[in-house]
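A short worksheet on the structure shown next.
The values are calculated or read from the model by the stated rules, or taken from the named source; none is laboratory data. From a predicted model like this one, the values you see are computed outputs, not experimental measurements. Reconstructed Cβ throughout: ideal geometry from the backbone, glycine too, with neighbour counts over all protein chains shown. Note: accessible area is taken over every heavy atom of the protein model, side chains too, but ligands, DNA and RNA are not part of it. Shrake-Rupley method; radii C 1.70, N 1.55, O 1.52, S 1.80 Å.
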Amino acid sequence: MELSNQKGELDRQWYLRKLNRAIKDRLPELVTHAAVMGAPKGQRIRLAVQKLEEPDFRFQPDTRSANGGHTGLGAGDNADVLWIELTTEEIMNLLLEDLKLPRLVEKSGGSLQRDEVRYDDVTVHGPLSNVDKRRSLYEAAKEGRDYLTAQDLRFRTWKEHPKPITAAVITLVRDASGSMDETKRYLSKATAWWLVEWIRQQYAASELLFFLHTTEPLQVDEDTFFNREITGGTAITSTYRTIVQLWEDSYAANDFNRYLLHFSDGDIWHGADASLANSISHILATASLLGYFEIQGLQSRSPLWTILEQHATIDGNLHPAMRMARINQRDDVLPAIRAVIGANS
Amino acid sequence: MVHGTLDSWVAEMAEIADRQGLKPLPTEFHLVPDDEIYTLSSYFAPGRYRHWTHGERYWMAKGRDEHGLGRVYELVINSDPALAYLLIKNPNADNVLVIAHVLGHSDFFARSRDLTQVRRPHIALWFNEHAQWLENLHRQQSFLRVEKLVDAAHTLHQLVDPYYRAPEFRTRRAVPHQAVGAFDWVKELYQDVHPVAADANSYQPNYHVWPNTRDVLAIVADYGHLTDEERTALRMIRDEMLYFRPQRETKFMNEGWATFWHVRLTRAFSQWDEEDHIEAMRMHALVADSQQFFNPYYFGWTLWEVLVELYGIQTCFEIVTEQTDLTWVNQWVTSDVVKLAQDKAWWPSERPLNPENPSEGSQYYPAEDLARDVQRVFLPQEPEIFVSAMDALSHSLELAYNGPKALHRDYTQDVVNAIAYLWGGQVKLVSPHHTWIGHESDWLRRS
């Protein structure tokens, strides 16, 4: 078959490559959709993607005539939308696979280990794709030959080495107070959902803790964390104190990387007291990250944002463990996640 | 069962066509497998340069066929000799119909003046040369650079102009230097000063393009900051656009003409049985789907039938020679023609009361209204854009659009970016509604 006959197929691959890139670029707009968020693992989700187009000079579509007044002749609709199906894992891979937990250092909580495969051994049997050319030629050279026989062939093979995994405890705290309205709850849950899914996938061995808080903290399981609504005023001091206590009791700083991710609208009752300041500086000193997501906070600075910023600033610089991001609408969710757990910038 | 071979079918069809007054080009027939016909139909011609848009069409064509949503039956190339590709997996009866269809196209190519002007002997070689050139360019330069270059050239397809001449430049009128007298400033108040040259400090572009042209691609290929290989590549792409342009402008006439003739020619065909003719007509009904009125096959075919009935075949031959879709529809879709088409129940004689909700009932569709609606569909949808100024010193290019309808914001920005990428300097498009400035890097970044 001539090459010219395959040109169509080659171009199809070229097109699909471009399409993949375009989908990846536009995915953040598409996937904050509730359909993705609530979906069980492995569920296929249909997304409408704009077809790749070569732009040209054309008129701005008239909004009036689009709504009505068309004669019905030659009306083509939605031909330029392409439907794709992705599973939640695939979406996750496309979006977050390049992220890493920040400030993760090797701290083995002792028990967690995994086998790592390394090619560092040689055998005389094996698949031809693994032939070690240099060694095989060396074998022949030892016999004084300049050609290879079947006995000369050496193959690379692997050994499994146990590898310690760093242990991490990730604590998610969600503000469940009365000031969190429907939208804020949705946004905070969406953000938490993405984070939990991503952690499960990338750091399967890590431990997740879930807290809801009003004026008092409440440790819950994952299901409750995403579904239960309680109500009341907001205070943060007791929550941080409880978490610090829990960490000190069960997750020693020497053995665990500690992460605290907090979702709130920042609307807390009292200003700073000494106890809160203590907790914050303790968290910053012993944890890898205090990530704060402010959900539709006040236009100016919210009380909590101000307090955190104030206590985390050393010589005019934000403490490296302190990361904050604002989320005002759906589109902000993924950029905020990237800002908090993204590259160590 | 269809008797004989491909050769004997073609020979008989050609003979029938000759008897009926057709004068098709000499035509080469190729039987090809489906993968190849998808490729050919997505490239529009054999041997063209590679591009991802071809890949998209290939994918769509393949998907449509595999899902049974329609098939590419044939491809005819306006060349000398004309090239026709038939799908090998089609039943013989269908391919006989396709042969007749191809002869219709081939006759259209031979008659139409516009198509004759762009026809070349052995066009596949010409396309191959271009493909080779771009392939070499890919090797010389980065893949991205060439991809973006071709993409950018494609955005300008509407503006290519077969009558482009290198523009004549008007240089700025020199301001005569005069000795300054004591009361010259008083005289100046009353003098009619040329506004462009009035201010000696502000920099005025040195060249104005006259007459205004719209062929940005040619201008860019001539004066943009590009290597010579890239200039040649752009001119090749432009030549191909010029080659395909008349085909796009005569699509409805051409398909209608071929459909009109395959119906007639197959009626006289003798090498098949009754049921083969029925099978062929089944395929005809599939292609010329009357449910979609603006299917080019159906619309074109019915309009030709009516025109032949009213004005005779000679007139139709003349129309084919001289006209394009736009003039054809504007001149010939009259109330007489529409009434006859409605009487024959080819064109709709009723329209829904409320286009939003067809279930509300329908009303009589007056012939005048239908004629007007048809003509409206064929109105050109391309904004008229001109190159208004070009400056050598600052290497800037200025385009103008003066139409009443607003241009699409995003698309226009993309195209202006593309022009900036090719031009390698400042590009500006001025319209009454908005001014766009081209950003080269945005074009590179675009996925």
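Quick check: anything in region B:35-55 open to solvent by 50 Å² or more (accessible area, probe 1.4 Å) and either away from every other protein chain (no Cβ under 14 Å) or not in a loop (DSSP other than H, G, I, E, B) (or both)?
Among the residues of region B:35-55, at least one is open to solvent by 50 Å² or more (accessible area, probe 1.4 Å) and either away from every other protein chain (no Cβ under 14 Å) or not in a loop (DSSP other than H, G, I, E, B) (or both), which makes the answer yes.
I'd like to check which strands (runs of 3 or more DSSP E) are fully inside region B:351-431 and have at least 2 residues that are open to solvent by less than 30 Å² (accessible area, probe 1.4 Å).
By residue number, B:385-391, B:396-401, B:426-430.
Does region B:66-76 include one or more residues that are assigned to a helix (DSSP H, G or I), farther than 19 Å from B:H284 by Cβ, open to solvent by 10 Å² or more (accessible area, probe 1.4 Å) and within 14 Å of chain A (Cβ to nearest Cβ)?
For region B:66-76, residues assigned to a helix (DSSP H, G or I), farther than 19 Å from B:H284 by Cβ, open to solvent by 10 Å² or more (accessible area, probe 1.4 Å) and within 14 Å of chain A (Cβ to nearest Cβ): present.
What number of residues in region A:282-304 are open to solvent by 60 Å² or more (accessible area, probe 1.4 Å) and within 28 Å of the chain's Cα centre (by Cα)?
Let us first name the residues in region A:282-304 that are open to solvent by 60 Å² or more (accessible area, probe 1.4 Å), namely A:282, A:285, A:298-301.
Within this subset, residues satisfying the condition of being within 28 Å of the chain's Cα centre (by Cα) are A:282, A:285, A:298-299, A:301.
Adding up the residues that qualify gives 5.
Could you tell me whether region B:432-440 includes any residue that is among the polar types (S, T, N, Q), facing chain A (nearest Cβ under 9 Å) and either open to solvent by 10 Å² or more (accessible area, probe 1.4 Å) or without any contact (Cβ under 8 Å) to a residue 24 or more places away in the chain (or both)?
No - not one qualifying residue is present in region B:432-440.
How about region A:14-28: which of its residues are surrounded by 14 or more Cβ atoms within 10 Å (Cβ to Cβ) and at the interface with chain B (Cβ under 7 Å from one of its Cβ atoms)?
Passing the criteria: A:W14, A:Y15, A:K18, A:A22.
Okay, residues lined up against (1) over 30 Å from A:L94 (Cβ atoms); (2) in contact with a helix residue (DSSP H, G or I) (Cβ under 9 Å, 6 or more places away or on another chain); (3) assigned to a helix (DSSP H, G or I):
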site: A:W269; (1), (2), (3): yes, yes, no
site: A:I280; (1), (2), (3): yes, yes, yes
site: A:S300; (1), (2), (3): yes, no, no
site: A:T306; (1), (2), (3): yes, no, yes
site: A:A325; (1), (2), (3): no, yes, no
site: A:A339; (1), (2), (3): no, no, yes
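If you go through region B:396-410 one residue at a time, how many are among the hydroxyl-bearing types (S, T, Y) and either free of Cβ contacts under 8 Å to residues at least 60 places away in the same chain or at the interface with chain A (Cβ under 8 Å from one of its Cβ atoms) (or both)?
So the count comes out to 1.
Only one residue in B:T232, B:T259 is part of a helix (DSSP H, G or I), surrounded by fewer than 21 Cβ atoms within 10 Å (Cβ to Cβ) and polar (S, T, N, Q). Which one?
Selected residue: B:T232, the only one of B:T232, B:T259 that is part of a helix (DSSP H, G or I), surrounded by fewer than 21 Cβ atoms within 10 Å (Cβ to Cβ) and polar (S, T, N, Q).
Kindly provide the set of residues from region A:227-243 that are free of Cβ contacts under 8 Å to residues at least 40 places away in the same chain, within 25 Å of A:P303 (Cα to Cα) and not in a loop (DSSP other than H, G, I, E, B), ordered by number.
Listed by number, the residues that qualify are A:S238, A:R241, A:T242.
Looking for whichever is in contact with a His (Cβ under 9 Å, 6 or more places away or on another chain) and within 11 Å of chain A (Cβ to nearest Cβ) here; the options are B:Q413, B:Q381. Which one fits?
B:Q413
Here are some conditions: (1) at pLDDT 60 or above; (2) open to solvent by less than 70 Å² (accessible area, probe 1.4 Å); (3) away from chain B (no Cβ under 14 Å). A:R103 meets all but one. Which one does it not meet?
Unmet condition: (2).
Inside region B:53-93, can you point out the residues that are at pLDDT below 90, within 16 Å of B:M13 (Cβ to Cβ) and touching a strand residue (DSSP E or B) at 6+ places or on another chain (Cβ under 8 Å)?
Of everything in region B:53-93, those that are at pLDDT below 90, within 16 Å of B:M13 (Cβ to Cβ) and touching a strand residue (DSSP E or B) at 6+ places or on another chain (Cβ under 8 Å) turn out to be B:Y73, B:E74.
Considering only region B:326-348, I want to know if a residue exists there that is open to solvent by 30 Å² or more (accessible area, probe 1.4 Å), modelled with pLDDT under 95, within 14 Å of chain A (Cβ to nearest Cβ) and out of contact with any Lys or Arg (no Cβ under 8 Å at 6 or more places or on another chain).
Yes, some residue in region B:326-348 is open to solvent by 30 Å² or more (accessible area, probe 1.4 Å), modelled with pLDDT under 95, within 14 Å of chain A (Cβ to nearest Cβ) and out of contact with any Lys or Arg (no Cβ under 8 Å at 6 or more places or on another chain).
Determine if region A:74-90 includes at least one residue that is within 14 Å of chain B (Cβ to nearest Cβ), modelled with pLDDT of 75 or more, open to solvent by 40 Å² or more (accessible area, probe 1.4 Å) and under 30 Å from B:D442 (Cβ atoms).
Yes, region A:74-90 contains a residue that is within 14 Å of chain B (Cβ to nearest Cβ), modelled with pLDDT of 75 or more, open to solvent by 40 Å² or more (accessible area, probe 1.4 Å) and under 30 Å from B:D442 (Cβ atoms).
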